[in-house]
Amino acid sequence: MNRRERSIAAARAAPEGAEAQVADVEARVLRWRCRRGMKELDVLLERYAVGVLPRADADERRLLGRLLEHPDPQLASYFLGGERPADPSLAALVTRIRTSCMIDAT
């Protein structure tokens with residue numbers, strides 16, 4: 001179990017009423033994962049994370065986690081090169097991120 005997984009597991013093992021704490025830990029982990037090796041991706045993903053993660057549901061967070069598993073060159077092609085992910089749910093997320101950051105989707 002890596003450090004991120006231990007943090008989430010610890011938050012989940014917290015007493016009742018700690019559901020908000022779990023969501024907060026997951027949001028922080030995802031926001032940290034938005035830090036990439038390319039400044040352009042950092043700006044896009046961090047802006048989305050700050051604006052959306054505080055109110056995102058579990059499905060949206062899982063989907064963002066799946067997107068962040070892709071390597072930087074692939075993410076750059078999705079956001080900057082106009083390529084679309086084959087998975088329709090990931091493609092929709094890319095569109096939402098681009099829209100939230102007001103990037104022309106052409």
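The values are calculated or read from the model by the stated rules, or taken from the named source; none is laboratory data. Nothing here was measured: the structure is a model prediction, and the numbers come from that model. Glycine also receives a Cβ, built like all others from the backbone with ideal geometry; neighbour counts cover every protein chain displayed.
Does region 58-67 include one or more residues that are crowded, with 17+ Cβ neighbours inside 10 Å and over 10 Å from the mean Cα position of the chain (by Cα)? No; the residues of region 58-67 include none that is crowded, with 17+ Cβ neighbours inside 10 Å and over 10 Å from the mean Cα position of the chain (by Cα). Picking from residues in region 6-34 that are assigned to a loop (DSSP other than H, G, I, E, B) and either within 10 Å of the chain's Cα centre (by Cα) or among the acidic types (D, E) (or both), the one that is modelled with the highest pLDDT is C34.
The residue that is farthest from R28 (Cα to Cα), among those in region 68-97 that are buried (at least 17 other Cβ atoms within 10 Å of the Cβ) and more than 13 Å from the chain's Cα centre (by Cα), is P85.
Scanning region 24-52 for residues that are surrounded by 18 or more Cβ atoms within 10 Å (Cβ to Cβ) and without any contact (Cβ under 8 Å) to a residue 24 or more places away in the chain yields V25, A49.
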